[in-house]
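The values are calculated or read from the model by the stated rules, or taken from the named source; none is laboratory data. Since this is a predicted model, take the numbers as computed values, not measurements. All Cβ positions, glycine included, derive from the backbone under ideal geometry; neighbour counts span all protein chains shown.
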Amino acid sequence: MEKKNVAPDAIRSVMGFVSWNPMQEKMMATFPEKKDIILLSPTGSGKTLGFLLPLLSRLTVNTSHVQSLILAPSRELALQIEAVFKGMKTPFKVNCFYGGHAFRMEKNSLTMPPSVLIGTPGRIADHLEKGTFDPSHIQTIIFDEFDKSLEYGFSKEMEFILRSLKGVDKRVLTSATRAIEVPDFVRMNDPITLNFIEKVNISAGLKVKIVPSEDADKLGVLHDLLSSFGGDASIIFCNHRDAVERIAGHLQRYKITTEIFHGKLDQDERECALFKFKNGSAHVLVTTDLAARGLDISSIKHIVHYQMPLSEEAFVHRNGRTARMGKEGTAYMLLNKVDKKPTYIPHTTTVWSAPSERAEIPVSTWRTIKIGRGKKDKVSKIDVMGLLTKVGELNKDQVGLIEVKDFYCLVAVHRDELNALLQRLQNVKIKNINTKVSTV
């Protein structure tokens, strides 16, 4: 066995970065010390790379054991970490385990164990209980968004996992909030705290506007506001799932392309909703604070607080979806006569005024289709593009984002071509396997 040194500069070149940010540089300098680390860094700051880059120095090639474990509070965050790791193009294998994913398939993948295992606490605890892999070679454990794992009630699972890992000599906890208390069961070794969260963590490019509503339910002024965006993507945050469902239903009745996202949806529903929002099939995502952190959503222009955040931390995390990486964005706070403006809202807020006439929201250019075969059928993005251009007779610019899942693919296609495309793809085969193509 030997260590495999993967130069950060080589990864930077592969991933297209000019340089690492100060937090990432500090993590690479601190990681080799024989102390545990608590990393406090805001959403959108690149902390995934912050812990993955120095982790590579602790991995060994030519070994058939899991060496490092990364725990994440949600399947979306776990999958995002996996995607970042794969994007680094290292020689190390990585697997991602989470609830809603076939346990049998995960177990089978462990016949060739990964160097890095990523997962949610509940699913990793299940594997340890069933003895599907040998944990004795795990030296590093990373708890990403540790405060969220505690909030979601994973304390018992994380405690069990740590008791099962006898060889761990490095613990790393990350959090996007300052208010974090580390339970005794984590057994931190004289931890070093790296704090990159400013007291007032409001991006310089963020504008905050108050949107007053004469009506208690605020749906009318919400419609006016969305109409003023001209079809730009926007996220509407609510505090409760029932509010998400009610608001989305209202917008859909007015033919506004809207998706919902909350914890009660199953895995496929959540992944499909996010994909449709990212690929432009939906202009609006209505969500709880579940979407405030740990999701791979590019910076967008408009964040709408339909219901007031319950804390300053929640306000900051929601707004972290806009004005990222030097870009500008606006957060809108809808306030009726009963709502009170939170004390933490900056004094630089302005009042938004509705235009004299409500503009019509343009129809989205894209629609999303589902192809009923995926990675387990050896289907790749190249296969999907070939199917759509050769059999489906689309031009490349009529095909948008493609996402290949284990058992199916999701693809954005030009709305004007949808009906003809579905006709051409009836009874079609991909990789010489019959498959079904449908809209979602």
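A few notes on this one:
- Among the residues of the stretch 1-19, those identified as touching a residue at least 12 places away in the same chain (Cβ under 8 Å) and closer than 16 Å to Phe85 by Cα are Lys4, Asn5, Val6, Pro8, Ile11, Val14, Met15.
- Restricting Ser155, Ser164, Ser109, Ser149 to residues that are without any contact (Cβ under 8 Å) to a residue 40 or more places away in the chain and more than 26 Å from Ser57 (Cα to Cα) narrows the list to Ser155.
Yes or no, residue by residue, for (1) surrounded by 18 or more Cβ atoms within 10 Å (Cβ to Cβ); (2) in contact with a strand residue (DSSP E or B) (Cβ under 6 Å, 6 or more places away or on another chain); (3) within 17 Å of Val221 (Cα to Cα); (4) modelled with pLDDT of 90 or more:
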site	(1), (2), (3), (4)
Lys264	no, no, no, no
Thr322	yes, yes, no, no
Gly329	yes, yes, no, no
Ser356	no, no, yes, no
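- Checked against (1) modelled with pLDDT under 95; (2) touching a helix residue (DSSP H, G or I) at 6+ places or on another chain (Cβ under 7 Å), Thr350 passes all but condition (2).
- Condition broken by Ser298, with the remaining ones in (1) closer than 24 Å to Gly400 by Cα; (2) more than 12 Å from the chain's Cα centre (by Cα) satisfied: (2)
- Residue in the stretch 6-13 that is of a type in the set (D, E, K, R), over 29 Å from Arg318 (Cβ atoms) and crowded, with 20+ Cβ neighbours inside 10 Å present: no
- Screening Lys86 on (1) basic (Lys, Arg); (2) over 26 Å from Leu274 (Cα atoms); (3) within 18 Å of the chain's Cα centre (by Cα) shows it passes everything except condition (2).
- Flag for Arg171 being outside the structural domain of Leu334 (by TED's automatic domain parsing), assigned to a strand (DSSP E or B) and surrounded by 13 or more Cβ atoms within 10 Å (Cβ to Cβ): yes
- Breaking point among (1) crowded, with 17+ Cβ neighbours inside 10 Å; (2) out of contact with any Asp or Glu (no Cβ under 8 Å at 6 or more places or on another chain); (3) modelled with pLDDT of 90 or more, for Thr30: (1)
- Pairs with Cβ under 8 Å, 6+ apart, first in the stretch 262-286 and not assigned by TED's automatic domain parsing to the domain that holds Ile303, second of a type in the set (A, V, I, L, M, F, W, C): none
- Assessment of the stretch 67-76 against the conditions (part of a helix (DSSP H, G or I) and either crowded, with 19+ Cβ neighbours inside 10 Å or not aromatic (Phe, Trp, Tyr) (or both)) yields at least one matching residue.
- With respect to (1) under 25 Å from Asp215 (Cβ atoms); (2) out of contact with any helix residue (DSSP H, G or I) (no Cβ under 9 Å at 6 or more places or on another chain), the lone exception for Val316 is condition (1).
- Qualifying residue in the stretch 5-16 (condition: closer than 23 Å to Phe196 by Cβ, out of contact with any helix residue (DSSP H, G or I) (no Cβ under 8 Å at 6 or more places or on another chain) and of a type in the set (Ser, Thr, Tyr)): no
- Residue in the stretch 253-264 that is among the small types (Gly, Ala, Ser) and part of a helix (DSSP H, G or I) present: no
- Contacts under 8 angstrom Cβ, first residue in the stretch 114-125 being among the polar types (S, T, N, Q), partner part of a strand (DSSP E or B), 6 or more apart: Ser115/Thr60; Ser115/Ser68; Ser115/Val94; Thr120/Leu71; Thr120/Phe97
- Among the residues of the stretch 323-334, none qualifies, meaning not one is out of contact with any Asp or Glu (no Cβ under 8 Å at 6 or more places or on another chain) and free of Cβ contacts under 8 Å to residues at least 60 places away in the same chain.
- Where Gln398 falls short, out of the listed (1) more than 30 Å from Pro309 (Cβ to Cβ); (2) in contact (Cβ under 8 Å) with a residue 40 or more places away in the chain: (2)
- Hits in the stretch 201-238 (condition: surrounded by 16 or more Cβ atoms within 10 Å (Cβ to Cβ) and part of a loop (DSSP other than H, G, I, E, B)): Asn201, Ile202, Ser203, Ser213, Lys218, Phe229, Gly231, Ala233, Cys238
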